[in-house]
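So the structure is just underneath, and the comments pick up after that.
The values are calculated or read from the model by the stated rules, or taken from the named source; none is laboratory data. These numbers come from a predicted model, not from an experiment. Here the Cβ is made from the backbone with ideal geometry for all residues, glycine too, and neighbour counts use every protein chain on show. We work out accessible area using only protein heavy atoms, side chains counted, and drop any ligands, DNA or RNA first. Shrake-Rupley method; radii C 1.70, N 1.55, O 1.52, S 1.80 Å.
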Amino acid sequence: MKSIGRRQFVTTSLGAAAVAAGGRRSVAATDRVNLGVIGLGNRGSTWVRDLAKRDEVQIAYLCDVDAARFERNSAVVDSAGRPAPKQVQDFRKVLDDPAVEAVVVATNHHWLSLVAIMACQAGKDVYVEKPGSHNAREAHLVVEAARKYKRVVQVGLQNRSAPYIQQAREYVQSGKLGKLHLVRVLSMNEGRMRPKGPEAPPPSTLDWDMWCGPAPLVPYSPGTWHVNRYDYGVGRIVDDLVHQVDTAVYVTGLGVPETVVDAGGVYHYKDGRDFPDTQLTSFQYPDLTMLFQSTLWAEYVRETPSVVRDGDQFPDWQLNGTKIELFGTEGMMLLGRHGGGYQVYDNAQKMVTSSYGRRADAEHMSNFLECVRSRKNPHAWVEDALPSMLLCHLGNVSWRAGDRKLSYDASTGWLRNDPEANAFMQRKGRKPFLIPDAV
């Protein structure tokens, strides 16, 4: 890839986005949304399969740094009887096309924020996959970009589009559980070793410099080691935990806490990872404590199986590793994510109400596309999702700072009186892929 300067990189898509400052026109209900999918890994390919079936969408671009991913995704579009999308390895070509109205950003974690910011600058609406940002500062920058350029930005936190989650929210906020004082959020999933293997030449189809992007350029090594490294990921726990965290934030209406303290360590998977495989994080609100409990090695505690997610069943709550427990003075709620439903028990230990649930991936994308037309805020509008992103990032910051208790200042977006920990709230990026100080 040809080297570019910082100014060119940051502003490359702004020429086509001059109209974005005032907000582009709404897409007519009869028009197809011209859309690019950026990142064709597991999640991006899933969206290609979904979007290729939708009459209201035209997939204009398939974009990935690895050209080997084009063939199978193009075949999906072709089998749906849709026109062939353009194939590019550089996402800026998608952003520079004024005919593209929206993008799905499904890159690796270290690219999510910067692509979303630049897409907003280029006048595109954005569906950005979870966790929506690489770190706390970039979470704020994505919000600022969405506001400034008047973009519809939906974070891939699809539980907000699930009817049973919306019902649970109404129940909790009606006060029927009484006063909430404790919320426990679990993310106890199966993990695996992810060691960094031997160095090797990158595949001929892969633009490795572009893959590394704002992260350090290191010699190529195959595998998924990067998921648990600070420079490239947010850790396997946060990557999954953010769904449960956001569900808890959504149903309770909680924002960012006063203090955060983490405990845990790398106890089982000694593979050189930077993030813990066992993590307990406590978030303190004025009269409520929220606890995150996470492991990657307790294989007997698992996420809700598909047969439960897609059927009229409740999980085995005792051995469910992706549940949310809400404890109020008048009762408690057991709540599943991605299906699983909820059940409520009163002080007499009697189940007083319940609802089955379903996954809401398709509904979440439908909500985004509807908002591209209407210009309304979507269910997981990035500003509403900001507290969920920050909770996860703050837990990681506390871990990186030696399990130190942190005090967050919502008015500034930084930690109070802790320069060392504040350094973990952001990154500079790598030339020419620098993170902007302002959008």
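When the charge dipole of the chain is built from unit charges on Cβ atoms (+1 for Lys and Arg, -1 for Asp and Glu) and taken about the Cα centre, the candidate among LEU334, CYS392, LEU291 whose Cα reaches farthest toward its positive end is CYS392. Ranking MET188, MET425 by solvent-accessible area of protein heavy atoms (1.4 Å probe, all protein chains present), from largest to smallest, gives MET188, MET425.
Counted residue by residue at 0.36 nm each, then reduced by the alpha carbon distance between them, the extension gain from GLU199 to LYS405 reaches 70.3 nm. Considering only DSSP beta bridges whose two residues both sit in the chain, what percent are antiparallel, to the nearest 5? Once the DSSP bridges in the chain are tallied, antiparallel ones form about 60 percent. Three principal axis extents of the range 290-439 based on alpha-carbon atoms, in descending order, are 54, 44, 33 Å. Using only helices, what value at 222 nm comes out for the chain when you add -39,500 (n - 2.57) per DSSP H run of length 4 or more and divide by the total residues, to the nearest 500 deg cm²/dmol? Computed ellipticity for the chain at 222 nm equals -9000 deg cm²/dmol. Each of ARG375 and TRP317 was given a label point 7 Å from its Cα along the Cα-to-Cβ line. The distance between the two points is 4.6 nm. Relative to the current alpha-carbon distance between ASP271 and ASP209, full extension at 0.36 nm per residue lengthens the span by 19.9 nm.
About its Cα centre, the dipole of the range 295-388 is roughly 220 debye, where the only charges are +1 on Lys and Arg Cβ and -1 on Asp and Glu Cβ.
Solvent-accessible surface of the chain, averaged per residue with a 1.4 angstrom probe and all protein chains in place: 40 square angstrom. In terms of the mean number of neighbouring beta-carbon atoms within 10 Å, the peptides 279-287, 246-254, 144-152 order highest first as 246-254, 144-152, 279-287. Taking only protein heavy atoms and a 1.4 Å probe, the accessible area of the range 234-363 is 50% carbon and sulfur. One Cα centroid belongs to the range 113-177, the other to the range 254-276; the line between them spans 23 Å.
Expressed as a whole percent, the accessible area of the range 121-213 that falls on carbon and sulfur atoms is 52 (1.4 Å probe). Subtracting the Cα-Cα distance of LEU291 and ALA68 from 0.36 nm times their residue separation leaves 76.1 nm of extension gain.
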